[in-house]
1. Just for region 49-74: of the residues that are small (G, A, S), exposed (fewer than 14 other Cβ atoms within 10 Å of the Cβ) and within 21 Å of K36 (Cα to Cα), which one is modelled with the lowest pLDDT?
2. Scan region 18-32 and tell me whether some residue there is charged (D, E, K, R), modelled with pLDDT of 95 or more, more than 11 Å from the chain's Cα centre (by Cα) and outside any helix (DSSP H, G or I).
3. Which residue pairs have Cβ atoms closer than 8 Å, lie 6 or more positions apart in sequence or on different chains, and pair a first residue in region 1-21 that is over 14 Å from D78 (Cα atoms) with a second residue that is of a type in the set (G, A, S) and assigned to a loop (DSSP other than H, G, I, E, B)?
4. Has region 33-42 got any residue that is modelled with pLDDT of 95 or more and in contact with a strand residue (DSSP E or B) (Cβ under 9 Å, 6 or more places away or on another chain)?
5. Among (1) exposed (fewer than 14 other Cβ atoms within 10 Å of the Cβ); (2) under 18 Å from F80 (Cα atoms), where does L43 come up short?
6. State all residues of region 39-83 that are of a type in the set (D, E, K, R), more than 23 Å from E22 (Cβ to Cβ) and not in a helix (DSSP H, G or I); if no residue qualifies, say none.
7. Quick check, is K36 closer than 18 Å to R2 by Cα and of a type outside the set (G, A, S)?
Amino acid sequence: MREYIYKTFADKIDLPVEALTEGDPTLADLLQRSPKLNNSVDLMEAFARTANALKRDHGLRVRLPAFPLDTPCSRVFDAFMAEIAAAGAR
């Protein structure tokens, strides 16, 4: 499931998955690297589209808290996984 989330999000921001995993970039790093992200709202929308894809494709509803831009990507994806685990327990 983690690979699905990484791939889906990477597609939404037009970056390769490796850009999300190598060196554990921050959300601010993604804003600088992605040709599709202009600001933090675009970043938030990309995560929302990823969550919507999870619901559509796997029937899992996730809600993420807000994260500051200095948050490492791995922490956000860990939050996705925790939400998936919680959704499966419901």
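The values are calculated or read from the model by the stated rules, or taken from the named source; none is laboratory data. Since we're looking at a predicted model, the values are computed, not measured. Neighbour counts are summed over all protein chains in view; Cβ atoms, including those assigned to glycine, are modelled from backbone coordinates with ideal geometry.
1. Going through region 49-74, the residues small (G, A, S) turn out to be 51, 53, 59, 66, 74.
Those left that are additionally exposed (fewer than 14 other Cβ atoms within 10 Å of the Cβ): 59, 66, 74.
Restricting the remaining residues to those that are within 21 Å of K36 (Cα to Cα) gives 66, 74.
Details: A66: 89, S74: 94.
Selected residue: A66.
2. No: region 18-32 contains no residue that is charged (D, E, K, R), modelled with pLDDT of 95 or more, more than 11 Å from the chain's Cα centre (by Cα) and outside any helix (DSSP H, G or I).
3. I13/S34; D14/S34; L15/S34
4. no
5. Unmet for L43, out of (1) exposed (fewer than 14 other Cβ atoms within 10 Å of the Cβ); (2) under 18 Å from F80 (Cα atoms): (1).
6. Of everything in region 39-83, those that are of a type in the set (D, E, K, R), more than 23 Å from E22 (Cβ to Cβ) and not in a helix (DSSP H, G or I) turn out to be R61, R63.
7. Working: closer than 18 Å to R2 by Cα: no; of a type outside the set (G, A, S): yes.
For K36, the condition - closer than 18 Å to R2 by Cα and of a type outside the set (G, A, S) - is not met.
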